[in-house]
Amino acid sequence: MRIDKNQVAELNAKAADGHTNDFNYIADKLTAKGHDVDSLLEKIGSLKIATPSWALGTGATRFGRFPGGGEPATIEQKIEDISVLADLSNQTDSVSLHIPWDIPSDPAALREFADNCGIRFDAMNSNTFQDQSGATESYKFGSLCHSDANVRKYAVDHNIECIEIGKELGSNVLTVWLADGSTFPGQANFMKQFDNTLDSLKAIYAALPEDWMMFTEHKPFEPNFYSSVVNDWGSSLSLAQKTGERCLCLVDLGHHLPNTNIEQVVSRVLAEGRLGGFHFNDSKYADDDLTVGCMKPYQLYLIFLELVDFMEGDHIKNPDLAFMIDASHNFKDPLEDLLQSLEAIALSYAQALVMDRDALTLAQDANDVALTQEIVQCAYRADLRALVAESRRRAGKALSPIQAYREIKVREQLIGERGMDSQSSGL
Ligand code: PSV
Ligand code: MN
């Protein structure tokens, strides 16, 4: 299904008075503080976050799955769902495919289909953590790190296949997340696994087109419980630096041990010019894959403070960043959940944009610790929801995406079209 833009405009018109009051209030306050509100609106509107193809259906834990109906059963339907998000929220206009969960039979036709929906192809994600039916080698004991050269080659070839498909789709990034590691002490040799992984990454990199980037994504544990080959940002950075100039680090917010200072990780990797992008999600315990901003919105804001430092200045030399959501929707309607994530990201970005950087630098230089906290928290506590809503309204998107989604009865229509039992591939 596609959203009727007139319906969005009608809903916006109904909410116009209340919104205008809220927006004028915050716009006046920001203007009084010296901000150019139009430029803020433009920046917020141009922040685009890719939607993962594997998060449009109901996710699961290993204890169960509770589908809500109307799931997209084909890549085309997934792209249609993303166009619904794009019509309501304005923060997403691309899909990130996981191969082979979403292997297109005719990439050129799929590209045309997506183009007609206004959706582009973001990073390609390889999958060397599951054995597919008919596989001639097994990833049970690793992929790029494997002790057997045949398995390593098999995994390298799969990544090269992802690049080949991505070229046809107009993508220009390959994200490599490895489940490789060991579950018992002594099971594997850390150094050999790391060296094998590096050699394999170099082989993939050799097949990377000139205008492509490759991301390595770290994760401390799971599915392996004793060691992961790319366990943290240090290992990721080391691999990236040794692999080649266009190999960068991807930070998934859920892939850190409890209390890790992720914003500092971001700063360090940026300082090396090797930050590729993000997989946004939130968590209480580990890789919970919850809605962005539902648990630690302050952490998300602090991360955006580091990002805005880079995005607004020219003192940090790093390629442009690729933003993506990587979450699993077990209890909410996946599309509503994604709308909430998109909103949380836009809001954190807006808050980071209005933080008074000059005042903070002065307070930091004067070691006025109390004042630094006042300044950082002042922007975080400003209610910028009307600012983000206005940036959407100006782009013809919904003032209140979730409300519009419900009033338009998107899920009901999807269930009508696809039935209750249609199932999405992915997590
Ligand atoms: C692994 O936990 C991960 O974050 C990687 O990005 C995968 O590609 C994705 O989740 C989907 O399993
Ligand atoms: Mn991820």
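Quick notes on this structure:
- Radius of gyration, Dmax [segment 319-427; alpha carbons; angstrom]: 19.4, 63
- Mean separation of Cα contacts under 8 Å, 6 or more apart, over the residue count of the chain: relative contact order %: 23
- Restricting segment 10-78 to chymotrypsin sites (Phe, Trp or Tyr not before Pro) that sit in a DSSP loop and have at most 16 other Cβ atoms within 10 Å of their own Cβ leaves Phe63.
- Across segment 407-424, coupling constants 3J(HN,Hα) worked out from phi with the 6.51/-1.76/1.60 Karplus curve, θ = phi - 60°, read 5, 6, 6, 4, 4, 4, 5, 5, 5, x, 6, 10, x, 7, 9, 5, 10, 9 Hz, and Gly and Pro carry x.
- Dipole magnitude of the chain, debye to nearest 20 (Cβ charges: Lys/Arg +1, Asp/Glu -1, about Cα centre): 440
- Per residue convex hull volume, Cα atoms of the chain, in Å³: 146
- Modelled label reach - Ala207, point 7 Å along Cα→Cβ, segment 125-146 residues with backbone N closer than 17 Å: 125-130, 132, 135-139, 143-146
- Cross-link pairs beyond the 20 Å C-alpha cut-off, checked among Lys153/Lys192; Lys202/Lys242; Lys78/Lys140; Lys33/Lys317; Lys14/Lys48; Lys14/Lys43: Lys78/Lys140; Lys33/Lys317; Lys14/Lys48; Lys14/Lys43
- With K and R counted +1 and D and E -1, the other residues having a Cβ less than 10 Å from that of Gly34 yield a net charge of -2.
- Distant-in-sequence amide H partners of Ser96 (H built 1.01 Å from N, under 5 Å): Thr51, Ser53, Asp122
- Toward the positive end of the charge dipole of the chain, with +1 on the Cβ of Lys and Arg and -1 on the Cβ of Asp and Glu, the farthest Cα among Ala50, Gly186, Cys162 is that of Gly186.
- Exposure proxy ranking for Met124, Met213, based on other Cβ atoms within 10 angstrom of each Cβ and starting from the fewest, stands as Met213, Met124.
- Taking every alpha-carbon pair under 8 Å whose residues sit at least 6 apart, segment 284-389 reaches a relative contact order of 33 percent.
- Sites listed here are chymotrypsin sites (Phe, Trp or Tyr not before Pro) in segment 172-227 whose DSSP assignment is loop and whose Cβ has at most 16 other Cβ atoms within 10 Å: Phe221, Phe225, Tyr226.
- Prolate/oblate/rounded call for segment 377-427, Cα gyration tensor, a/c under 1.5 rounded: prolate
- In plain terms, the residue of Leu387, Leu144, Leu371 with the fewest other Cβ atoms within 10 Å comes first and the most crowded comes last, giving Leu371, Leu387, Leu144.
- Residues with amide H under 5 Å from that of Ile325, placed H, sequence gap 5 or more: Ala50, Phe280
Quick note: the coordinates plus some simple rules give every number you see, no bench work behind them. Computed from a prediction, not measured in an experiment: that's the story for all the values here. Positions of Cβ are backbone-derived with ideal geometry, glycine not excepted, and every protein chain shown enters the neighbour counts.
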